[in-house]
Amino acid sequence: MTLHIPKIAFALAATSLLLAFPASAKTVAYKADLTGKQETPPNTSKGQGTLKADYDSANKTLKWTVTFTDLTGPVTAAHFHGPAAAGAKAPPVIPIKGKMASPITGSATLTAKQASELEAGQLYFNLHTAKFPDGEIRGQVAK
């Protein structure tokens, strides 16, 4: 009979590590379809866009890519707003910095409040232009 002490010791050590670091963190995908009809009040823009985002709860980071076409002019500002349900207005909570041409990519570390609002579907994303300074296209961020 052969003793397998090294194998048993390795298995116990590996199990201990797994128990010490539970798999509670996860990455969740979010999206938003951006249109003028979703702005408050709705507008007649032919612009459209898509936001795709991933939230990593381990490091509290939201990463996004926004693509868009057919706006009335260059994007002058872009933000995540909240807390607000679809059809309601809210102040910007995550400003977008840098290049404002499609695609817009970025990331932000969320506060606990922002993460909670994201999870509850209480954030929206919109793009502003000179013709529509309050927002040309908007979309509610959801799973």
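Filtering segment 128-143 to residues that are in a strand (DSSP E or B) and either over 19 Å from Lys31 (Cβ atoms) or in contact with a Leu (Cβ under 7 Å, 6 or more places away or on another chain) (or both) leaves His128, Thr129, Ile137, Arg138, Gly139. The conditions are (1) touching a Phe, Trp or Tyr at 6+ places or on another chain (Cβ under 8 Å); (2) closer than 21 Å to Ile137 by Cα; (3) not aliphatic (A, V, I, L, M), and Thr69 fails exactly one of them. Which is it? Checking Thr69 against (1) touching a Phe, Trp or Tyr at 6+ places or on another chain (Cβ under 8 Å); (2) closer than 21 Å to Ile137 by Cα; (3) not aliphatic (A, V, I, L, M), the one that fails is (1).
Here is a check on your reading of the model: is Ala88 surrounded by fewer than 18 Cβ atoms within 10 Å (Cβ to Cβ) and among the small types (Gly, Ala, Ser)? Against the criterion (surrounded by fewer than 18 Cβ atoms within 10 Å (Cβ to Cβ) and among the small types (Gly, Ala, Ser)), Ala88 qualifies. Tally the residues that are farther than 14 Å from Thr61 by Cα and either in a helix (DSSP H, G or I) or of a type in the set (S, T, N, Q) (or both), restricting the search to segment 91-116. Qualifying residue count, segment 91-116: 1. Condition test on Gly82, is it modelled with pLDDT under 95 and of a type outside the set (D, E, K, R)? Considered against the rule, which asks whether it is modelled with pLDDT under 95 and of a type outside the set (D, E, K, R), Gly82 comes out as no. In segment 49-61, the condition of being hydrophobic (A, V, I, L, M, F, W, C), crowded, with 20+ Cβ neighbours inside 10 Å and part of a loop (DSSP other than H, G, I, E, B) is met by no residue. Could you check how many residues of segment 94-109 are within 15 Å of Leu51 (Cβ to Cβ) and either charged (D, E, K, R) or in contact with a Ser or Thr (Cβ under 9 Å, 6 or more places away or on another chain) (or both)? Residues meeting the conditions: 8. Among the conditions (1) over 11 Å from the mean Cα position of the chain (by Cα); (2) among the hydroxyl-bearing types (Ser, Thr, Tyr); (3) over 16 Å from Lys31 (Cβ atoms), Thr67 misses just one, which is (3). Look at segment 131-143: where a residue is surrounded by fewer than 13 Cβ atoms within 10 Å (Cβ to Cβ) and a partner is part of a strand (DSSP E or B) and among the hydrophobic types (A, V, I, L, M, F, W, C), sitting 6+ places away or on another chain with Cβ atoms under 9 Å, you get Pro133/Ala77; Lys143/Val28; Lys143/Ala29.
Annotation note: Cβ proximity below 6 Å between a residue of segment 103-115 that is modelled with pLDDT of 95 or more and a residue that is among the hydroxyl-bearing types (Ser, Thr, Tyr) (sequence gap 6+ or interchain) occurs for Pro103/Thr65; Pro103/Thr67; Thr105/Thr65; Ser107/Thr61; Thr109/Thr61.
The values are calculated or read from the model by the stated rules, or taken from the named source; none is laboratory data. Treat the numbers as computed from the prediction; the structure is a model and nothing was measured. Here the Cβ is made from the backbone with ideal geometry for all residues, glycine too, and neighbour counts use every protein chain on show.
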